[in-house]
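Have a look at the structure below before the remarks.
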Amino acid sequence: MSWLDTLEDIRTKDFKKAKPAERDKAARDVVNTCSYACAVVAVSPIPFSDAVLMLPVQSAMVITIGHIYGRKVTQADAKDLILELGATAGIGMLARQGIKALLPIVGALLTVPAAFAANWGIGRVAIEYFKTPGVTRDNLKAIYARAKEEGSSLFSKERFQKFRQGGGKKKAA
């Protein structure tokens, strides 16, 4: 089962009667899976190619998180939210692309943990956005900053290798 199959399984599950802890766990599993998927994409040595390839992964993540919290999200809604978050994370993304341009192969490998952390931050913001309707933009920016740091501490080479080899696709409860 691929990570996309895992997301599809979660999107077809009925969370209407799920307890908050079950929803939170499923959402965190989605964020974790998609963050590793973005880390895999970050290996691309061509500057900005990863940004284009990450958008569908991030869109699928946001749509799935919306489903978990009972909100219908279109592909366009997901892209709008990600692009708005991208404005917050823009400096970091530009820095990652600069590293790739200066150090083509090594630079791509150096950006993997940062790509994971940035996507982790986007995912955590999506969770809060759907879990707490009406949360302010300033709160979302603060959540992103904290979550990005959290994502940096969660990334490991061993977990990344396990994901790349197909072992990172655990099914959310």
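The values are calculated or read from the model by the stated rules, or taken from the named source; none is laboratory data. What you see is a predicted model, and the numbers here were worked out from it, not measured in a lab. Cβ sites come from the backbone with ideal geometry, for glycine too, and all protein chains shown count toward neighbours. All accessible areas refer to the heavy atoms of the entire protein, side chains included, with ligands and DNA or RNA removed. Shrake-Rupley method; radii C 1.70, N 1.55, O 1.52, S 1.80 Å.
Data table
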item: For the stretch 10-78, accessible area per residue (1.4 Å probe, heavy atoms of protein chains only), Å²; result: 46 Å²
item: Note, ³J(HN,Hα) from phi for the stretch 120-128, Karplus 6.51, -1.76, 1.60, rounded to Hz, x at Gly and Pro; result: 4, x, 4, x, 5, 5, 4, 4, 5
item: Summed residue charge, Cβ within 13 Å of S156's Cβ, Lys/Arg positive, Asp/Glu negative; result: +3
item: Neighbourhood charge, 9 Å Cβ-Cβ cut-off, centred on Y69 and excluding it, Lys, Arg +1 and Asp, Glu -1; result: +3
item: Positive minus negative residues near K131 (Lys, Arg vs Asp, Glu; Cβ under 14 Å); result: +3
